[in-house]
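Notes follow once the structure below has been shown.
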Amino acid sequence: MIARTTRAACAAVLGLAAAAFALAPGAARAQAYPARPITVVVPFAAGGPTDTVARLVAESMTKTLGQQVIVENVGGAGGTRGAGQVAKAAPDGYTLLLHHIGQATAPSLYRKLPYKVTDFETAGLITAVPMTLIAKPGYEPKTIADVIAYVKANKDKVTYGNAGVGSASHLCGMLFMSAVGTQLTTVPYQGTGPAMNDLVGGQIDLMCDQTTNTTGQIKGGKVKAYAVTTKDRVKSLADLPTMEEGGLKGFEVAVWHGLYAPKGTSPEIVAKLNAALGVALEDPKVVARFADLGTEPEPKDRRSPEFHKTYLTAEVAKWKPVIEAAGVYAD
Amino acid sequence: MELLDNLALGFSVALSLQNILYCFVGVLLGTLIGVLPGLGPIATIAMLLPITFGLPPVSALIMLAGIYYGAQYGGSTTAILINLPGESSSVVTAIDGHQMARQGRAGAALATAALGSFFAGTVATFLLALFAPPLADLALKFGPPEYFALMVLGLVASVTLASGSVVKALAMIVLGLLLGLSGQDIYTGVPRLTFEVDELADGFDFVALAMGMFGIGEIIRNLEDESQRSLVAAKVKSLMLTKDEFKQIIAPVLRGTILGSFLGILPGGGAMLSSFAAYSIEKKVSRTPMRFGRGAIEGVAGPESANNAGAQTSFIPMLTLGIPSNPVMALMIGALIIQGITPGPNVVTDKPDLFWGVIASMWIGNFMLVLLNLPLIGLWVRLLTVPYHVMYPAIIAFCCIGVYSVNNNTFDVYTMALFGVLGYALVKLDCEPAPLLLGFVIGPMLEEYLRRAMLISRGDPMVFITRPISATLLLLAAVALVMVLLPAVRKTREEAFKE
């Protein structure tokens, strides 16, 4: 017990020392990368799903790279503040960005984005967290097919909650409405917490959010779950059909996460980061925690920086028409 | 007796050597960051997250929880001593607490805060143990119309925060509402009143605003007058409460505890609203309301009990439903997820050691806090004798660090400086900053809930009246409005006749 405490205290002291060292600019630049701690900017608040993914991966990467990988939360403006900060950072591999699907949707959501998606080097995909379509407890429709029919017939009565403009739940809702071909009353909240509160309390009807946020409520029977939004069923929620099984052909959305470095970072550094990320995605602890979150590491054939780049471009193109059709902008 | 078994389990977990240690580390850290202006539990818990990875989940949560409610104890210290509320919930404590300090009664004010918080923490912990699931269900009955009605009531009550002119208090509330409007509209994403400044996309930061208006404004004012530069004008009297003072605080502590326990369950600012509400109630029920704002001990006892009770009961939605009621709870959920526990309704049954262990640790933590804080009072009071030219640069430095740590953004530090100047100007004009801050907090929520309620009801305003809880709250607000305005109208008439 005491040993563990001492270790935690040591970790704290080391962390502080590392932070102090990080403040000395240009120290030991000539040495092999990484010569000093690496900061991974998460453009959302600490404790959220993206932060959780980042901290799990960072812990493992710290072991592989032999340098502290520190997670720094720079929230605000739907993730664009943190991303913008990294876009302008020195391309030396010591300031990185870990962002989710918002990296691909921001260019369409924000008309005055202070940076471009091309301002980053892609360092690899991490995980694609599935989403679930859920409803308030006791909601009438029984299956996903029923929901689709019900929504079409009663579009004036159905309310859809989301965690705010540009959030994953907002994106999933837009895609769902465009797939069903109807517009529902959208009720935005500031974050998933209050939205979930109103869903469990029966104030709103439907919501689609990451398994990270919904699995506890689904298993506890506090909400009604209809479907998962991935191509295949999700292991941790095996009873739930996919949206496609429910009749929405080609409906697929997942909150995918990727690691980025500022544009101009050398390919060697990117390769080193990608390799360390690959080790993290094989780390049994990371795999186990991802499973708790209802997700899995990206399969090996989707882990290269090149695949990440192609995928990012494809996602930007996929969301542009959906967002433009919905006519919502975040600025 | 299932409850006794559960509590026995809880205490067996919480009383292990390791967990007592983490509980102590948590409350000690909480007290420290509460005392340091600006540095709040959110920044601290975020910094400590990586350390909790190596701990067992129960120990991690016990420590993080300790930081949170420990900060509620510590936050009142700077509010009382140097008129600098470090937490939103200690804004009202500053009103009468600092006046008490200026009269040499800092010890009594600090003791009141510590004892009131301990009593409230104990009661709220038992409420948590006995009624957590039904209380969580009650919180779920609160939909957007109910919250809107609650905010209206809060806004009406905020007029009583001012001890001076009602007209000036109203002006301050409106100014606060206006400042609160700045930032992105959450329903459409349209930026409002941001003047093309990117940093204003999320509006002004509360901590920067509060510390500027109170802390920096107060420093400028103290510096202008040579003779008033010492923090306490009068001699420091006894450090403990007198028998009379003790009798005086019993009823306010009880009222604050009940109010705070209830409002704390409600997600979204409930815990903070409770301290404002407790102050309003104390002033209303007092036979001598004119003492408020001039060092009334009830004005410290009620709000301090309320905010600590609220901090404790705000764990209810998180522990029973897995729904975070404020950003600190969201962080704790994040910590649990990293530990491999998905917070949700099943935690109570699947992980009884976690649920009951944390509850038991809260009582132990509160006990430690009162043991820790009472002896510290002497030390804090002695701090007041430090010459002001040594104190104020230190205060400013801590304010800057604290404000910066909230969002890691230098813009917030400039914001604080700007509002410091505004705060000074307002003091000169005899306008009080507390109603402004309440307007700033309530304004955006009022709008958010109103528009959400209207969205869900499809534009039918009857929803506020047909729902019983909302109708009752609005009725209370109407009664409160009449009660607030009547004496004011009479007074103005009397004044008019005098002339």
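Just so it is clear, none of the values below were taken in a lab; they were calculated from the coordinates. Every value quoted in this text rests on a predicted model; they were computed, and no experiment measured them. In this analysis, Cβ positions are derived from the backbone assuming ideal geometry, glycine residues included, and neighbour counts consider all displayed protein chains.
What is the calculated FRET efficiency for A:Lys88 to B:Leu9, with r their C-beta to C-beta distance and R₀ = 60 Å, to the nearest 0.05?
Working: r = 53 Å, r/R0 = 0.88.
That gives a FRET efficiency of 0.70.
Ranked highest first by average number of other Cβ atoms within 10 Å, how do B:472-479, B:329-336, B:13-20 line up? Display every interim value, and only then the final one.
On the way: B:472-479: 16.1, B:329-336: 25.0, B:13-20: 18.0.
Result, highest mean first: B:329-336, B:13-20, B:472-479.
Calculate, in nm to one decimal, what B:Val390 and B:Leu178 gain on full extension: separation in residues at 0.36 nm each, minus their alpha carbon distance. Walk me through the intermediate numbers first.
Details: separation 212, 0.36 × 212 = 76.32 nm, distance 3.65 nm.
Length difference between fully extended and current span is 72.7 nm.
A Förster distance of 60 Å, applied to the separation of the beta-carbon atoms of B:Thr288 and A:Ala35, puts the FRET efficiency at 0.35.
Compared with the alpha-carbon gap, the fully stretched path from B:Leu429 to B:Glu2 is longer by 147.7 nm at 0.36 nm per residue. With a simple spin-label model that places each label point 7 Å from the Cα along the Cα-to-Cβ direction, the separation between A:Lys300 and B:Phe131 comes to 5.9 nm. Each listed q (0.11 Å⁻¹) maps to a log10 I(q)/I(0) for the range B:98-201 from the Debye sum over equal C-alpha point scatterers, namely -0.73. Near A:Ala227, the amide H atoms lying under 5 Å from its own belong to A:Leu133; only residues 5 or more places off or on other chains count, and H is placed 1.01 Å from N. Note on A:Glu282 and A:Asn154: the model spin-label points, each 7 Å out from Cα along the C-beta direction, lie 5.2 nm apart.
Each label was represented as a point 7 Å from its Cα along the Cα-to-Cβ direction; for B:Arg192 and B:Leu383 these points are 3.9 nm apart. Can you tell me which lysines have their Cα less than 25 Å from the Cα of A:Lys318? Leave out same-chain residues fewer than eight positions away. Of all the lysines, those that pass the test against A:Lys318 - Cα under 25 Å, at least 8 places apart if same chain - are A:Lys112, A:Lys116, A:Lys152, A:Lys231, A:Lys249, A:Lys263, A:Lys300, A:Lys309. Each principal axis of the Cα cloud of chain A was taken in turn, and the coordinate range along them, longest first, works out to 66, 50, 34 Å. Less than 5 angstrom separates the built amide H of A:Val129 from those of A:Val255, A:Trp256, A:His257, all sequence-distant by 5 or more or on a different chain.
Counting every Cα pair in the range A:130-237, what percent are over 25 Å apart? All intermediate terms of the calculation are to be shown ahead of the outcome.
Working: 540 of 5778 pairs.
The answer is 9 percent, as a whole percent.
Need one number: convex hull volume per residue for the protein assembly as shown, Cα atoms only, in Å³.
On the way: hull volume 136.6 nm³, N = 830.
Convex hull volume per residue, Cα atoms: 165 Å³.
Remark: the range B:242-256, residue by residue, has Karplus-estimated 3J(HN,Hα) of 7, 4, 5, 4, 4, 5, 5, 8, 4, 5, x, 5, 4, 4, x Hz, where x stands for each Gly or Pro and the curve is 6.51 cos²θ - 1.76 cosθ + 1.60 at θ = phi - 60°.
Please compute the contact order of the range B:2-498 in relative form: average sequence separation of alpha-carbon pairs under 8 Å and at least six residues apart, divided by the residue count, as a percent. Each step should come with its number before you reach the end.
Working: 918 pairs, mean separation 145.2, N = 497.
Worked out over the range B:2-498, it gives 29 percent.
Could you tell me which chymotrypsin sites (Phe, Trp or Tyr not before Pro) in the range B:131-229 are loop residues by DSSP with no more than 11 other beta carbons within 10 angstrom of their beta carbon? Taking the range B:131-229 and a limit of 11 other Cβ atoms within 10 Å, the loop chymotrypsin sites (Phe, Trp or Tyr not before Pro) found are B:Phe195. Among the trypsin sites (Lys or Arg not before Pro) in the range B:283-363, those located in a DSSP loop and surrounded by at most 11 other Cβ atoms within 10 Å of their own Cβ are B:Arg287.
Quick check on chain B: helices-only [θ] at 222 nm, where DSSP H runs of length 4 and up contribute -39,500 (n - 2.57) each and the sum goes over total residues. Nearest 500, please. Write out the running numbers ahead of the final one.
Working: 22 runs with 369 residues, N = 499.
Computed mean residue ellipticity for chain B: -24500 deg cm²/dmol.
In the calculated pair distance distribution of the range B:2-498, what percentage of Cα-Cα distances lie above 38 Å? Don't skip to the end; give the middle numbers.
Details: 27238 of 123256 pairs.
Of all Cα-Cα pairs in the range B:2-498, 22 percent lie more than 38 Å apart.
How do A:Thr192, A:Thr143, B:Thr122, A:Thr265 line up, fewest other C-beta atoms within 10 Å first? Don't skip to the end; give the middle numbers.
Working: A:Thr192 27, A:Thr143 14, B:Thr122 19, A:Thr265 23.
Listed from fewest to most nearby Cβ atoms, that is A:Thr143, B:Thr122, A:Thr265, A:Thr192.
The Rg/Rh ratio of the range B:288-389, with Rg taken over Cα atoms and Rh as the Kirkwood radius over Cα pairs, comes to 1.13.
So in the protein assembly as shown, what percent of DSSP beta bridges are antiparallel if you round to the nearest 5? Intermediate results must be reported in sequence, preceding the final value.
Values: 24 of 39 bridges.
Bridges in the protein assembly as shown that DSSP calls antiparallel: roughly 60 percent.
Pick out, in residue order, every one of the chymotrypsin sites (Phe, Trp or Tyr not before Pro) in the range B:25-95 that is DSSP loop and has at most 11 other C-beta atoms within 10 Å; say none if there are none.
Numbers: sites: B:Phe53, B:Tyr68, B:Tyr69, B:Tyr73; in loops: B:Phe53.
When the chymotrypsin sites (Phe, Trp or Tyr not before Pro) of the range B:25-95 are filtered for loop state and at most 11 Cβ neighbours within 10 Å, nothing remains.
Evaluate E = 1/(1 + (r/R0)^6) for B:Glu224 and B:Tyr414, where r is the Cβ-Cβ distance and R0 equals 25 Å; express this FRET efficiency to the nearest 0.05. Please list the in-between numbers first.
Working: r = 22 Å, r/R0 = 0.90.
It comes out at approximately 0.65.
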